[in-house]
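Some notes on the structure that comes next.
The values are calculated or read from the model by the stated rules, or taken from the named source; none is laboratory data. Given the structure is predicted, the values throughout are model-derived calculations rather than measurements. Here the Cβ is made from the backbone with ideal geometry for all residues, glycine too, and neighbour counts use every protein chain on show.
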Amino acid sequence: MDQNHLYENLRNPNPKVPKLRKTDYDECEERKSAEHDYKKFLKFIWRLTMFIIQLTVVYGMLYYSSNDSNALKYREGLASLFNCDPNSQKLESPMPFLNIKKPADFWIWAQKDLSDAILASDSDGKPAFNLKAYFNDKNSRSMGIGIIRQIRSLNLYKKCESKNFTYCIDLNALEDTTSAYSNGWENVINSSEAEYAYIYRRPKGLEGLPYFGEPSYYSESGYISLLNGSKTYIRKQLNKLQNENWIDERTKAIFVELVAYNPGYNYFGIIKLSLEITEAGIFEPFAKIEIYRLLKYLNIEKGNAKAFEAFFTLLGIILLIKEVYYLGKKKFS
């Protein structure tokens, strides 16, 4: 029996080895490791939660500050008024703005849609009572005087590399800054003798902004025709400029610029309609209407907008305090 007991482990290939009892040190280290992992997990959850909160607050601010259905409707109304809305062109109009390809098309649009839009009138075509200086939507007041601005070039054409054409449009041609011309761009004369539409206006006098178009860049200067007076007078001036070939082969770009104000909603409408000459020698039309509101909280969702702005401010304060705390702790540690 004793001999069998002595050789029991030799016969058993996997003898049971008694587990060693953990020491207090090992238990302490495991506890510390578990606590460290738990703290790391909590820190990760905290950072993830703060990131989601920040993202939600920023998205909410952007959504409620820009989600203004009234501004969108007002923009669409102005686009329809000047017949430059690609989604709803006037059926009775002979030339929508976005269909303009040559100078004759522009004059058709200007005589009809532009002159009709900038002055309020009744159904019989007579000026609307007590709506002087209002656009024809009866809601928008004209701020200042609208203008037609022309950018000209001294030499708009260059020798073409293609064998099919002798000359091509030079999109990088320098702008014409000649002080003044006689009617029809025939002769260079003194500005005191020239009509208003043939006098060069420098950027300082216009106080506008340069325009970065598709084919080229255009300064805020140019030759200006004013859109003031009665509807009959405006049409007479437009017809005069057309007969004088005010837009000719040296015209590089045309800009129609107006500012509208809607007192009902406190909106400013910045209207900028552009025609740029392309390499093919035709106009490329582009309509840009931007709406700005003076009163920020005017729609039904103003409570949500204010709440998100308050959360954003509070979040910024918390993050600032947190960074100051960590910087101070790192400095004095």
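For the range 210-218, the count of residues that are under 30 Å from Asp124 (Cβ atoms) and assigned to a loop (DSSP other than H, G, I, E, B) is zero.
Exactly one residue out of Asn164, Asn136 is assigned by TED's automatic domain parsing to the domain that holds Thr278 and modelled with pLDDT under 80, and it is Asn164.
Beta carbons closer than 9 Å, at least 6 apart along the sequence or on distinct chains, pair a first residue in the range 318-333 that is within 22 Å of Gln54 (Cα to Cα) and in the same structural domain as Val57 (by TED's automatic domain parsing) with a second that is of a type outside the set (Val, Ile, Thr) and at pLDDT 75 or above for Ile318/Met50; Leu319/Met50; Leu319/Gln54. The set of residues in the range 126-141 being surrounded by fewer than 20 Cβ atoms within 10 Å (Cβ to Cβ) and free of Cβ contacts under 8 Å to residues at least 24 places away in the same chain consists of Lys126, Ala128, Phe129, Asn130, Leu131, Lys132, Ala133, Lys138. Count of the range 213-238 residues, restricted to those that are modelled with pLDDT of 90 or more, more than 19 Å from Ser191 (Cβ to Cβ) and in contact with a Leu (Cβ under 7 Å, 6 or more places away or on another chain), is 1. With respect to the conditions (1) in contact with a strand residue (DSSP E or B) (Cβ under 7 Å, 6 or more places away or on another chain); (2) at pLDDT 80 or above; (3) surrounded by fewer than 17 Cβ atoms within 10 Å (Cβ to Cβ), Glu279 lacks only one, and its number is (2). Among the residues of the range 60-86, just one is under 17 Å from the mean Cα position of the chain (by Cα), modelled with pLDDT of 70 or more and among the aromatic types (Phe, Trp, Tyr), namely Tyr74. Cβ separations smaller than 7 Å between residues 6+ apart or across chains give the following pairs from the range 211-226 residues that are touching a residue at least 12 places away in the same chain (Cβ under 8 Å) and surrounded by 15 or more Cβ atoms within 10 Å (Cβ to Cβ) to residues that are part of a loop (DSSP other than H, G, I, E, B) and small (Gly, Ala, Ser): Glu220/Gly208. Can you work out which of the residues in the range 100-118 that are among the aliphatic types (A, V, I, L, M) and over 27 Å from the mean Cα position of the chain (by Cα) is nearest to Asn243 (Cα to Cα)? Looking at the filtered set, the residue picked out is Ala104.
Mind checking whether some residue in the range 239-257 is within 19 Å of the chain's Cα centre (by Cα), modelled with pLDDT of 85 or more and aliphatic (A, V, I, L, M)? Yes, because at least one residue in the range 239-257 is within 19 Å of the chain's Cα centre (by Cα), modelled with pLDDT of 85 or more and aliphatic (A, V, I, L, M). Being of a type in the set (D, E, K, R), within 21 Å of the chain's Cα centre (by Cα) and surrounded by 13 or more Cβ atoms within 10 Å (Cβ to Cβ) is the filter; apply it to the range 289-313 and report the residue that is modelled with the lowest pLDDT. The selected residue is Lys296.
Of all residues in the range 116-147, those that are among the basic types (Lys, Arg), under 20 Å from Cys84 (Cα atoms) and in a loop (DSSP other than H, G, I, E, B) total 1.
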